[in-house]
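To keep things clear, I will list the structure first and then write my remarks on it.
The values are calculated or read from the model by the stated rules, or taken from the named source; none is laboratory data. Computed from a predicted model, the values in this text were never measured in an experiment. Note: ideal-geometry Cβ built from the backbone for every residue, glycine included; neighbour counts use all protein chains shown.
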Amino acid sequence: MKKQTWLAALAVCLVLATLSPLASSAPDGLETVAGDKGFLGMGKDSLVVAAAGYLFPGIENRALATIMAGWLGVFIMFGLGYGAACLILRLRKARESQ
């Protein structure tokens, strides 16, 4: 993919993460089902928590903390996705040159 496509996709994801505090405050589907079925409190905490509860630590404003947590997730996932795409492309080129 072209670099402009990656940058446009990143921009869209950052805009959506910025708008995330405007989303419904109702629990998501999985959380609702877990509550309905009675196993919501049985989950264990992850060993790695970057932004627990979708709130960036150390920021008092909940909306801003949610936006920052979303941006963190976007940058992590984009980095992984872009890295994987570059690796796959490099492996394909190496295979074709043999």
For P57, the lone unmet condition from (1) free of Cβ contacts under 8 Å to residues at least 24 places away in the same chain; (2) in contact with a Cys (Cβ under 8 Å, 6 or more places away or on another chain) is (2)
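Does the range 41-53 contain any residue that is of a type in the set (V, I, T) and modelled with pLDDT of 80 or more?
Looking only at the range 41-53, we keep the residues that are of a type in the set (V, I, T), and these are 48-49.
Imposing the further condition that a residue be modelled with pLDDT of 80 or more reduces the set to none.
There is no residue in the range 41-53 that is of a type in the set (V, I, T) and modelled with pLDDT of 80 or more.
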What is the residue count in the range 47-71 for residues that are in a helix (DSSP H, G or I) and either on the phi > 0 side of the Ramachandran plot or touching a Phe, Trp or Tyr at 6+ places or on another chain (Cβ under 9 Å) (or both)? 10
Checking V74, V33 in turn, the sole residue that is surrounded by 10 or more Cβ atoms within 10 Å (Cβ to Cβ), in contact with a Cys (Cβ under 9 Å, 6 or more places away or on another chain) and either assigned to a helix (DSSP H, G or I) or without any contact (Cβ under 8 Å) to a residue 60 or more places away in the chain (or both) turns out to be V74
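Can you tell me which residue in the range 1-30 is modelled with the lowest pLDDT, limited to those that are within 30 Å of R90 (Cα to Cα), of a type outside the set (A, V, I, L, M) and surrounded by 12 or more Cβ atoms within 10 Å (Cβ to Cβ)?
Step one: of the range 1-30, the residues within 30 Å of R90 (Cα to Cα) are 1-14.
Filter again for of a type outside the set (A, V, I, L, M), leaving 2-6, 13.
Now narrow it down to the ones that are surrounded by 12 or more Cβ atoms within 10 Å (Cβ to Cβ): 6, 13.
Details: W6: 88, C13: 94.
Filtering first and then ranking leaves W6.
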Residues located in the range 78-96, provided they are in contact (Cβ under 8 Å) with a residue 12 or more places away in the chain and closer than 19 Å to L16 by Cβ: F78, Y82
